[in-house]
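Asks: Mind looking over this structure? Questions follow.
The values are calculated or read from the model by the stated rules, or taken from the named source; none is laboratory data. Quick caveat, the model's predicted, so the values are computed rather than measured. Virtual Cβ from ideal backbone geometry, glycine too; neighbours counted across all protein chains shown.
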Amino acid sequence: MKTKRSGLTVIEILVVVGIIAILVGLLLPAVHTVQRMAKETKQKAQFTAIELGLAAFKSDYGDYPPSNWWDPSSAVSGQLRDYCGAQKLAEALVGWDLLGFHPESAWRADGFDRNKAAATVYHASDTLQRRKDRYVELDTANVFLLGGDVDALFPSNVDPLAPRTYVLCDVFGVSERRIRMPNGKMVTPGTPILYYRANPANLLHDPPSQDQTSLCIYDARDNAPILNLGRLVDATKALAQRRQHWLAPGVMAGTTSFEYFYDYIRDPRVQARRWPSRPDSYLLISAGMDGIYGTDDDIRNFGQ
């Protein structure tokens with residue numbers, strides 16, 4: 001009498017394993033897509049919070065925060081060259097020291113009051129009563145320090161940015177960047193959000209020359225220091241996606257073309273002439289999942 005065998009044969013097991021492998025292969029891209037869409041939705045929500053904060057700031061002070069970095073009149077003295085648009089956005093929404101914006105800010109990296117002597121800084125304790133509440137909550141703002149210590153972005157290479165100043169980062173954590181916070185927790189921060197304020201008094205979209213970007217509605221140099229930090233712009237990946245750099249290490253010597261930046265912010269709906277998106281307000285730019293500005297996965301408040 002033959003005994004009845006139970007269980008699976010080797011071939012049957014291999015068939016089952018193969019089917020599982022195929023299903024996993026089909027599901028992984030879907031899971032990745034869902035995760036990416038969730039991140040993009042979260043990033044757009046952060047932009048909404050920032051835009052509400054900027055609207056409240058304008059209501060209080062009559063205009064949006066400045067974003068200027070490049071100032072030809074200060075090229076020799078070095079003033080204003082360590083505090084760019086992304087840093088000024090953070091100061092406006094959460095304060096130079098995260099205690100709220102001070103109405104007498106001089107928009108300087110050292111926090112000096114524009115109406116006081118150089119020895120008096122506006123973040124002194126006797127001025128706290130003049131502060132506005134934060135326009136965006138710290139958790140939503142995703143605030144991080146720039147270089148100067150182990151708990152800061154780019155601690156070993158922040159020049160020409162002022163250390164121990166803040167930027168708002170996007171929600172896309174960059175795996176190569178890990179920071180130990182003061183409480184000992186390790187975090188993976190995103191990439192600084194770029195902020196450009198429009199100058200509606202100007203009527204140019206493209207600069208007459210690469211040294212005259214300040215004549216345009218938007219000045220490509222406003223966030224030049226952040227773009228010049230090599231960890232934010234990867235030449236190989238950018239070229240692989242048929243993209244140019246907005247800025248390159250030669251920007252300080254005026255050797256860089258800004259043609260791609262002005263193509264990037266152009267409003268495609270205006271056909272009669274080249275014209276920027278949102279010419280009367282401001283631009284916000286997140287580098288997206290790859291941490292590289294100017295690539296197809298960027299999240300922006302324009303041209304969606």
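Asks: Checking the conditions here, which among 263, 222, 280 is assigned to a helix (DSSP H, G or I) and modelled with pLDDT of 90 or more?
Replies: Residue meeting the stated conditions: 222.
Asks: When residues of region 84-113 are filtered for being modelled with pLDDT of 90 or more and touching a Lys or Arg at 6+ places or on another chain (Cβ under 6 Å), how many remain?
Replies: Total meeting the criteria: 3.
Asks: Here is a further query. Hey, among the residues in region 138-160 that are farther than 25 Å from residue 297 by Cβ and touching a helix residue (DSSP H, G or I) at 6+ places or on another chain (Cβ under 8 Å), which one's modelled with the highest pLDDT?
Replies: Going through the qualifying residues, I end up with 138.
Asks: Separate question: Of the residues that sit in region 1-53 and are of a type in the set (D, E, K, R) and either surrounded by 10 or more Cβ atoms within 10 Å (Cβ to Cβ) or within 24 Å of residue 170 (Cβ to Cβ) (or both), which one is modelled with the highest pLDDT?
Replies: So, considering only residues that are of a type in the set (D, E, K, R) and either surrounded by 10 or more Cβ atoms within 10 Å (Cβ to Cβ) or within 24 Å of residue 170 (Cβ to Cβ) (or both), the one modelled with the highest pLDDT is 51.
Asks: Could I ask something else about it? Can you confirm whether residue 66 is at pLDDT 85 or above, over 21 Å from residue 190 (Cβ atoms) and not β-branched (Val, Ile, Thr)?
Replies: Yes.
Asks: Find all pairs meeting these conditions: Cβ atoms under 6 angstrom apart; at least six residues apart or on different chains; first residue within region 264-286 and more than 21 Å from residue 201 (Cα to Cα); second residue among the polar types (S, T, N, Q).
Replies: Listed pairs, sorted by first residue: 286/43.
Asks: Would it be correct to say that residue 199 is closer than 30 Å to residue 275 by Cβ and in a loop (DSSP other than H, G, I, E, B)?
Replies: Considered against the rule, which asks whether it is closer than 30 Å to residue 275 by Cβ and in a loop (DSSP other than H, G, I, E, B), residue 199 comes out as yes.
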